[in-house]
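Participant: Structure below; questions to follow.
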Amino acid sequence: MTEPRRILPGKTWKITRRTQDRRFTLAPDEDCEKVNNIIEYCLADAAEQYGIELHDICAMGNHPHIELTDVRGVLPSFTQAFFEHTSKCLKKLRGIDENVWSAEKCDYTELVTPEGAREAMAYTLANPTAAGLVRYSWQWPGVRSTPRDLLGHERTIEPPPFYFKSAKPKKLRFTPPP
């Protein structure tokens, strides 16, 4: 049995979680805009609800990478909300009857130094290129943050209309790690 993870306020984390059977549920296919909307809206909603500072994201075909700072020490609640809502939306969009996310635990890696955070972010932002999917990371059609996002740029994300019936748009903001 593994030791319990110390979840404390102010810690910076890299989070990754695979889809069930590594299926390409998040793949940028004919539903790319809808999938991107789901991921971005659920991320913005959970971050707002739990006071999470987002640093970057890249959603590959079968797993997302997210770097964030857990200001309040509520990381498990944030990840539970994010993965639950993305799962429900993706199930509805794609007609999935089974689990969207793998039963394996979400991978949490604490980023304890500024250098570690920069390395994790560089890995995340370059992931589509490193995987040989696109020549330049800006060409990736799936969800990904950009260096411009760290300069204070924010996006307004509309709720997926088929799941969040009366929800309001959310602001998706990224900040540099501490």
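Participant: Note the full-extension length gain between Glu119 and Gln139 as 0.36 nm times their separation in residues minus their Cα-Cα distance, in nm to one decimal. Display every interim value, and only then the final one.
Facilitator: Values: separation 20, 0.36 × 20 = 7.20 nm, distance 2.10 nm.
Working it through step by step, the gained length comes to 5.1 nm.
Participant: Please compare each pair in Lys14/Lys105; Lys105/Lys170; Lys88/Lys171; Lys34/Lys105 to a cut-off of 19 Å on the Cα-Cα distance and tell me which ones are over it. It would help to have the intermediate numbers written out before the result.
Facilitator: Working: Lys14/Lys105 14 Å; Lys105/Lys170 28 Å; Lys88/Lys171 21 Å; Lys34/Lys105 26 Å.
Over 19 Å Cα-Cα: Lys105/Lys170; Lys88/Lys171; Lys34/Lys105.
Participant: Given all pairs of different Cα atoms, what value in angstroms does the Kirkwood hydrodynamic radius of region 1-72 take? Kindly include the intermediate steps, with their values, before the conclusion.
Facilitator: Details: mean 1/r = 0.0738 Å⁻¹.
So the Kirkwood estimate lands at 13.5 Å.
Participant: Relative to the present Cα-Cα distance, how much length would full extension add between Ile96 and Phe24 at 0.36 nm per residue of separation?
Facilitator: Values: separation 72, 0.36 × 72 = 25.92 nm, distance 1.22 nm.
Value of the extension gain: 24.7 nm.
Participant: While we're here: Go through Lys34, Lys105, Lys91 and list them by solvent-accessible area, largest first, probe radius 1.4 Å.
Facilitator: Details: Lys34 110, Lys105 170, Lys91 65 Å².
Solvent-accessible surface, decreasing: Lys105, Lys34, Lys91.
Participant: Right, here's the next one. Quick one: net charge around Asn99, please, counting Lys, Arg +1 and Asp, Glu -1 for every other residue with C-beta under 15 Å from its C-beta. Provide the component values of the computation, followed by the final result.
Facilitator: Numbers: positive: Arg17, Arg18, Arg22, Arg23, Lys88, Lys91, Lys92, Arg94, Lys105; negative: Asp21, Glu84, Asp97, Glu98, Glu104.
Result for the local shell: +4.
Participant: Where does the charge balance sit around Leu90 when Lys and Arg score +1, Asp and Glu -1, over other residues with C-beta under 10 Å from its C-beta?
Facilitator: Values: positive: Lys34, Lys88, Lys91, Lys92, Arg94; negative: Asp31.
Cβ neighbours under 10 Å give a net charge of +4.
Participant: So what is the diffusion coefficient of region 81-178 in µm² per second by Stokes-Einstein at 25 °C and 0.890 mPa s, using a Kirkwood Rh over Cα pairs? Spell out each step's value before the answer.
Facilitator: Values: Rh = 16.3 Å.
Here the translational diffusion coefficient equals 151 µm²/s.
Participant: Can you report the principal axis dimensions of the chain using only the alpha carbons, biggest first, rounded to whole angstrom?
Facilitator: So the three principal-axis extents are 41, 37, 36 Å.
Participant: Before rounding to the nearest 500, sum -39500 (n - 2.57) across all DSSP H runs of length at least 4 in the chain and divide by the residue total; then give [θ] at 222 nm in deg cm²/dmol. Working shown, then result.
Facilitator: Working: 3 runs with 56 residues, N = 178.
Rounded to the nearest 500, it is -10500 deg cm²/dmol.
The values are calculated or read from the model by the stated rules, or taken from the named source; none is laboratory data. Fair warning: this is a prediction, and the values are worked out from it, not measured in the lab. In this analysis, Cβ positions are derived from the backbone assuming ideal geometry, glycine residues included, and neighbour counts consider all displayed protein chains. To get the accessible areas, we keep the full protein, side chains included, count just its heavy atoms, and leave off ligands, DNA and RNA. Shrake-Rupley method; radii C 1.70, N 1.55, O 1.52, S 1.80 Å.
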